[in-house]
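The values are calculated or read from the model by the stated rules, or taken from the named source; none is laboratory data. Quick caveat: nothing in here was measured; it's all calculated off a predicted structure. Note that each Cβ is placed from the backbone with ideal geometry, even for glycine, and that neighbours are counted across all protein chains shown.
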Amino acid sequence: MFQMASNKKVIMIISGFAALAFLGLVYFEWGKGGAGSPNELARINGRSIYLQDIKPLYEQLKERYKDQTTKENAAEIDKQIMFEALKMVLQKHILLDQAKNAKVGVSDDELLRSIARRKEFQTEEGKFNDYLYQRLPAYYKQQLEKETKDDLITQLFQIRLFDLIKISDIDLRVYFMEKNFKAKIRFVLLDVEPASPQGEGDLLSVNDNRAKAENKIAQFLKTAKATGNFLGTASAMGLQVQTTDYFGFFQPIKQAGKDERFNKMEFQDVYLNAFKLMPNQISDQVNLNQGIAVIQVLEKTAPNWDKFYKELPVLRGEYEARLRQYVLQDWYINALRKTKIQNNLDKLYKQN
């Protein structure tokens, strides 16, 4: 059994699709599930997710967004909150399934230590009060232990992923170069963002927009790389070419000569691709959350190496954090591709 080392700190997850905090002691009855039940929101690998499974998280999100809710938008906000709660529950199921396959588990002692750290079971002096814990009704106690165990397993699974990360001096030098050079690029971008959170192209449905964009980008790349004519190929295919000002690491990517940002461009992925290219070279397909891009570097600058050793400790911490983010993102995308998800949320709202 994979044991949690006592000196491990709790990993803070950047992307938001990692271990979920315990959803609360109160369990709400929100419709009874069953085979073919109208309350079945989704299926993941043949396992049903019902309304009652997401109700605690739904209530938390509803409280968080109550100040943004008006009479006019209440129905749409409610649907978006329901959708977000469902996504988070599905993501947690994916993590737990993968952790189970990897034989990640926790001991009874680890589970009890985690529960003992919860404030609702502690005295004013901060000590665990077993009497308060044992007073819980059996059903609530069972739910608490299950949710706490699930959270520990997802955290441990992520720690196992992160422990695979190895950093060399060469890695840090490359990272220093990435962080300190600047580039100016031109690019084409095909938008694949769905029209609404529940619309075509979301993670819970087949992304036809992305498939069509990938085919068109493949055609563009074949011709543009064969001829070396980025602008001419884009013009012939009816693709808009946009140009940036100089930009660097953690700097916004702006339109050339303007203050407007390219909001659909993910700076880090675009920046790293620009770093790898020489002027006039054309990138391969750059996959973004909201689109697919191809870039061509116009100009780039070199870093100041006198600063490298002075910044080395900071560089190491930053680089490790970035690798953790990418490891988790790559793992999740791969896991999602192997997961069969059926989304019934729109069907449920049409019935209502």
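Name every residue in the stretch 235-263 that is within 28 Å of the chain's Cα centre (by Cα) and among the aliphatic types (A, V, I, L, M), in order of residue number.
Ile253, the sole residue that qualifies.
Answer yes or no: is there a residue in the stretch 224-231 that is closer than 15 Å to Ile185 by Cβ and in contact with a Gly (Cβ under 9 Å, 6 or more places away or on another chain).
yes
Given the conditions (1) within 19 Å of Leu90 (Cβ to Cβ); (2) at pLDDT below 85; (3) not in a loop (DSSP other than H, G, I, E, B), report the number of the one that Gly33 does not fulfil.
For Gly33, the exception is condition (3).
Output the residues belonging to the stretch 57-76 that are surrounded by 12 or more Cβ atoms within 10 Å (Cβ to Cβ), modelled with pLDDT of 85 or more and out of contact with any Asp or Glu (no Cβ under 9 Å at 6 or more places or on another chain).
Glu59, Gln60 - these are the residues of the stretch 57-76 that are surrounded by 12 or more Cβ atoms within 10 Å (Cβ to Cβ), modelled with pLDDT of 85 or more and out of contact with any Asp or Glu (no Cβ under 9 Å at 6 or more places or on another chain).
Of all residues being at pLDDT 60 or above and touching a strand residue (DSSP E or B) at 6+ places or on another chain (Cβ under 8 Å) in the stretch 187-208, which is farthest from Asn344 (Cα to Cα)? Just the residue, please.
Among them, the one singled out is Phe187.
Could you tell me which residue of the stretch 94-117 is surrounded by the most Cβ atoms within 10 Å (Cβ to Cβ), considering only residues that are more than 22 Å from Arg43 (Cα to Cα) and charged (D, E, K, R)?
Among residues in the stretch 94-117 that are more than 22 Å from Arg43 (Cα to Cα) and charged (D, E, K, R), the one surrounded by the most Cβ atoms within 10 Å (Cβ to Cβ) is Glu110.
Only one of (1) modelled with pLDDT of 85 or more; (2) surrounded by 13 or more Cβ atoms within 10 Å (Cβ to Cβ) is not met by Val314, so which one is it?
So Val314 meets the others, but not (2).
List the residue pairs whose Cβ atoms are under 7 Å apart, where the first residue sits in the stretch 50-76 and is farther than 23 Å from Leu90 by Cβ, the second is part of a helix (DSSP H, G or I) and of a type in the set (A, V, I, L, M, F, W, C), and the two are 6 or more positions apart or on different chains.
Close Cβ pairs satisfying both conditions: Gln68/Ile77; Thr69/Ile77.
Specify which of the listed residues (Gln91, Gln122) is touching a strand residue (DSSP E or B) at 6+ places or on another chain (Cβ under 8 Å) and either in contact (Cβ under 8 Å) with a residue 24 or more places away in the chain or surrounded by 12 or more Cβ atoms within 10 Å (Cβ to Cβ) (or both).
Going through Gln91, Gln122 in turn, just one is touching a strand residue (DSSP E or B) at 6+ places or on another chain (Cβ under 8 Å) and either in contact (Cβ under 8 Å) with a residue 24 or more places away in the chain or surrounded by 12 or more Cβ atoms within 10 Å (Cβ to Cβ) (or both): Gln122.
When Ala274 is evaluated against the numbered criteria (1) over 21 Å from the mean Cα position of the chain (by Cα); (2) closer than 15 Å to Ala293 by Cβ; (3) surrounded by fewer than 16 Cβ atoms within 10 Å (Cβ to Cβ), which criterion, by number, is the only one it fails?
(3)
Kindly indicate whether any position in the stretch 244-259 is over 15 Å from Met177 (Cα atoms), buried (at least 16 other Cβ atoms within 10 Å of the Cβ), touching a strand residue (DSSP E or B) at 6+ places or on another chain (Cβ under 6 Å) and aliphatic (A, V, I, L, M).
Within the stretch 244-259 (the criterion being over 15 Å from Met177 (Cα atoms), buried (at least 16 other Cβ atoms within 10 Å of the Cβ), touching a strand residue (DSSP E or B) at 6+ places or on another chain (Cβ under 6 Å) and aliphatic (A, V, I, L, M)), the answer is yes, since at least one residue qualifies.
Does at least one position in the stretch 297-311 carry a residue that is among the small types (Gly, Ala, Ser) and surrounded by 12 or more Cβ atoms within 10 Å (Cβ to Cβ)?
no
Considering only residues of the stretch 280-294 that are more than 19 Å from Lys212 (Cα to Cα) and in contact (Cβ under 8 Å) with a residue 40 or more places away in the chain, which is surrounded by the fewest Cβ atoms within 10 Å (Cβ to Cβ)?
Residue satisfying both the conditions and the ranking: Asn280.
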